[in-house]
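Notes for the one structure printed next.
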Amino acid sequence: MEIVGEKINTTRQKVEEAVRGRNAAFIQELARAQAEAGAHYLEVNSGMPLYPEEESEDFAWLVPLIQTAADIPLCIDSAYPLVIETALKLHKGKAMINSINGDPYRIESILPLAKKFDCKVIALTSSREDGIPATSSGRVEIAEKIAKMAQSHAFPLENIYFDPLVLPLSTNDQNGRVFLETMREIKKSLSPAKTTSGLSNISYGLPKRKRINHAFLALAVWCGMDAAILDPTDKEIMAMLPVAELISGRDADCMDYLTAYRKGKLNY
Amino acid sequence: MEGLKKLAEYVEYGKRQEAKSLAQKLLGENISPDTIVKEGIMAGLNALGERFEKFEAFVPELMVAGRAAKEVLEVLKPKMTQGPLHKIKGTVVIGTVEGDVHDVGKNIVAMVIEGGGFKVIDLGVDVPPSKFIKEVKYHEANILALSALYTPTRLAMKGTLELLRTEGIRDSIKVMVGGAPIDQNFCDLIGADGYAPDAPAALKLAERLAN
């Protein structure tokens, strides 16, 4: 499982303050802590400025700053090609872009960048035309459409991470099932494409959210999730992950589980 | 009164069937629809709202209570002598702004506001400013409620307010905003009339703005 550390995101008040105030130490500490905890990628989001020019300046500051503190690739989270290009020009290694969706203009403006800079791309199974389909077949259809467009750009399918979009259980008790079915179907029908997702939306509006997030991750692992966007400094969830992989048949000869045990990572 | 208290409890806990038959019975006992709205429905929703603010009640419970309140309102409708309740409370046009297809938060708010007695015109997601303006005029709405989850689409909120001004109807409508990337600062920045962080707060805000 690839871990995308989610913490450098300006929807979190403290991160927003740090980015606005150019507090390098705060951001670098977030980067270091997540990399040490086992992140393979670090999500970087600075969506609070109203205009992309300002967001672009944020990324020009953030990208080198973070990669100095943590020598791992970043997951560039922005809606704007301008911002993404600024970030990619400064980025070392194979970045991930978050995200495209089924909208042709987003695919046409972002995929060429992803190709030019040899990146991975997260693709949401939604579009302005279809919204977020209520059924898994509706979401798979959007994924297929994206895969086709990627093909026409000669963009390799294995570099696309489909995100089946997790919606809260609190407003529709079938949202978990639809997500898991979509993930499984995409893994089956669009191989070698990959899948990813955040976790916390699933538990919005309910108490004891961590319980739900953890069980959700375990089930998503069973459905073939390749990358999880989560907080790697959460030791409980990081202890659950190798167990879920072990049970799902994704840990050859139980070696990862035993390594996690010996490193004391299961003691939470 | 015992019956009204019970009704408030049924609404608060989302017991739809029980709430509807009790409302019917209360009407038969010549209790006015106004009293039933105030001491039954609103008392129930407010009690739930208070528990919600204290993290003792949760979003699914807002949904089922909103649904129950809405159905009780249906029962009361034929007996409303001063015309339908929304003539008193007001009409809210609600939607997720252009470029954004998220509707979870918007749906919760729509449900609770409607349960609270407002007429709600839900325009769905990805609603362009011109559509908001058209529907506001058509329904003679007194509140426009704008939702956004996807951060870049906050600009469309600003655009919708600007179009209201261009069309010369900004002063005849109150605008409320909400959604994950929205806060009071942003509300002030674009010159909206109010921000609510959750559905019970949105109902309170709508009642304040409608007055």
Local electrostatic count, residue A:136, Cβ distance below 9 Å [Lys/Arg +1, Asp/Glu -1]: +1
Beta bridges per DSSP with both ends in chain B, % antiparallel, nearest 5: 0
For chain A, average projected area of the Cα convex hull in nm²: 13.8
The protein assembly as shown - percent of accessible surface contributed by carbon and sulfur, probe 1.4 Å: 52
Cα-based shape type of region A:1-76, given that a ≥ b ≥ c are square roots of the gyration tensor eigenvalues and the cut on a/c is 1.5: prolate
Average accessible area per residue (Å²) across region B:86-210 - probe 1.4 Å, nucleic acids and ligands excluded: 39
Rg in Å to one decimal, and Dmax rounded to a whole Å, for chain B via C-alpha atoms: 17.3, 54
Residue-normalised accessible area of region A:2-233, given per residue in Å² at a 1.4 Å probe: 40
Residues in region A:142-186 occluded by at least 30 Å² - accessible area, probe radius 1.4 Å, against chain by itself: A:170, A:171
Averaged over A:46-54, number of beta-carbon atoms from partner chains that fall within 10 Å: 3
Hits among lysines - C-alpha to C-alpha of residue B:87 under 17 Å, sequence gap 8 or more where chains match: B:38, B:70, B:77, B:79, B:119, B:137, B:174
Whole-number D in µm² s⁻¹ for the protein assembly as shown, Kirkwood Cα-pair radius fed into Stokes-Einstein, 37 °C, 0.692 mPa s: 136
Shielded residues, region A:95-129 - accessible-area loss of 20 Å² or more between chain alone and all protein chains, probe 1.4 Å: A:106, A:128
Förster-model FRET efficiency, 25 Å R0, residue B:137 and residue A:12, C-beta, rounded to 0.05: 0.05
Accessible area buried, both sides summed, chains A and B with 1.4 Å probe, Å²: 1700
Beta bridge orientation in region A:2-233: antiparallel %, DSSP, nearest 5: 5
Computed helical MRE - 222 nm, chain A, DSSP H runs ≥ 4 contributing -39500 (n - 2.57), nearest 500: -15000 deg cm²/dmol
Positive-end residue, the protein assembly as shown charge dipole about Cα centroid, Cβ charges, pick of B:47, A:198, A:107: B:47
From phi via Karplus (6.51, -1.76, 1.60), per-residue ³J(HN,Hα) for region B:151-165 in Hz, x at Gly/Pro: 3, x, 7, 4, 4, 5, 5, 4, x, 5, 5, 4, 5, 4, 5
Ratio of Rg to Rh over region B:2-79 (Cα coordinates, Kirkwood Rh, two decimals): 0.98
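The values are calculated or read from the model by the stated rules, or taken from the named source; none is laboratory data. Remember, it's a predicted structure, so these values are computed and weren't measured experimentally. Please note: Cβ atoms are built from the backbone with ideal geometry, for glycine as well, and neighbour counts cover all protein chains shown. Areas reflect the complete protein model, heavy atoms only, side chains present, ligands, DNA and RNA absent. Shrake-Rupley method; radii C 1.70, N 1.55, O 1.52, S 1.80 Å.
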